[in-house]
1. Yes or no: residue 140 surrounded by fewer than 20 Cβ atoms within 10 Å (Cβ to Cβ) and under 25 Å from residue 31 (Cα atoms)?
2. When you check residue 88 against the structure, is it more than 16 Å from the chain's Cα centre (by Cα), in a helix (DSSP H, G or I) and buried (at least 17 other Cβ atoms within 10 Å of the Cβ), yes or no?
3. For the subset of the stretch 1-60 comprising residues that are in contact with a strand residue (DSSP E or B) (Cβ under 6 Å, 6 or more places away or on another chain) and in a helix (DSSP H, G or I), which member is farthest from residue 175 (Cα to Cα)?
4. If we keep just the residues of the stretch 174-197 that are over 16 Å from residue 121 (Cα atoms) and touching a helix residue (DSSP H, G or I) at 6+ places or on another chain (Cβ under 7 Å), which is surrounded by the most Cβ atoms within 10 Å (Cβ to Cβ)?
5. Is it the case that some residue within the stretch 68-80 is out of contact with any strand residue (DSSP E or B) (no Cβ under 7 Å at 6 or more places or on another chain), crowded, with 17+ Cβ neighbours inside 10 Å and outside any loop (DSSP other than H, G, I, E, B)?
6. Return only the number of the condition from (1) surrounded by fewer than 20 Cβ atoms within 10 Å (Cβ to Cβ); (2) within 30 Å of residue 53 (Cβ to Cβ) that residue 163 does not satisfy.
């Protein structure tokens with residue numbers, strides 16, 4: 001990927017479930033940076049007829065709910081239940097939605113580059129390493145937190161059972177692997193105020209990373 005001063009920079013934000021990557025993304029958005037979330041892009045790509053057809057072929061008609069006007073809504077909770085205990089089906093699902101989501105993000109970046117040149121664009125997704133998409137980014141930031149803290153957040157805020165949390169954690173790469181593959185690490189064991197401070201430090205580090213001062 002080009003690292004010229006004037007090209008758009010794509011920065012991936014990843015981390016295990018409950019690590020706080022969404023909170024970091026919110027901090028960056030408040031600082032004025034464009035931040036895109038893979039989950040939000042999913043709601044857009046599942047409206048594409050080709051994606052709907054593939055998902056229906058894989059999972060059946062219950063993958064979508066139709067209203068009186070024939071508008072289809074992705075039945076995400078139901079889909080999650082179907083693939084939760086079926087690794088083969090989950091892999092097939094990811095093989096449909098991940099390329100579509102990255103295609104959408106790619107189109108957004110190209111449109112932004114036309115009007116904004118060297119803007120930084122952040123992309124938040126849990127499965128950047130798992131889907132082998134790290135080469136799509138100019139830099140990757142991983143948010144790490146101790147598993148005990150992550151479990152407490154998930155059980156408190158998302159009301160996930162300990163069994164669900166264990167299964168999700170098992171399906172994701174370890175923090176050790178994230179640390180080895182990332183350009184920047186954010187340790188999120190403290191408060192949201194501390195994470196906001198980390199976001200500012202990250203911006204300064206990225207500036208140095210992309211535009212190192214000539215010596």
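1. no
2. Values: more than 16 Å from the chain's Cα centre (by Cα): yes; in a helix (DSSP H, G or I): yes; buried (at least 17 other Cβ atoms within 10 Å of the Cβ): no.
No.
3. So the residue we want is 29.
4. Filtering the stretch 174-197 for residues that are over 16 Å from residue 121 (Cα atoms) and touching a helix residue (DSSP H, G or I) at 6+ places or on another chain (Cβ under 7 Å), the one surrounded by the most Cβ atoms within 10 Å (Cβ to Cβ) comes out as 188.
5. Checked against the condition, which is being out of contact with any strand residue (DSSP E or B) (no Cβ under 7 Å at 6 or more places or on another chain), crowded, with 17+ Cβ neighbours inside 10 Å and outside any loop (DSSP other than H, G, I, E, B), the stretch 68-80 yields at least one hit.
6. Of (1) surrounded by fewer than 20 Cβ atoms within 10 Å (Cβ to Cβ); (2) within 30 Å of residue 53 (Cβ to Cβ), only one is false for residue 163: (2).
Bear in mind these aren't lab numbers, they're just calculated from the coordinates by the rules spelled out. Because the structure is predicted, anything quoted here is derived from the model rather than measured. Note that each Cβ is placed from the backbone with ideal geometry, even for glycine, and that neighbours are counted across all protein chains shown.
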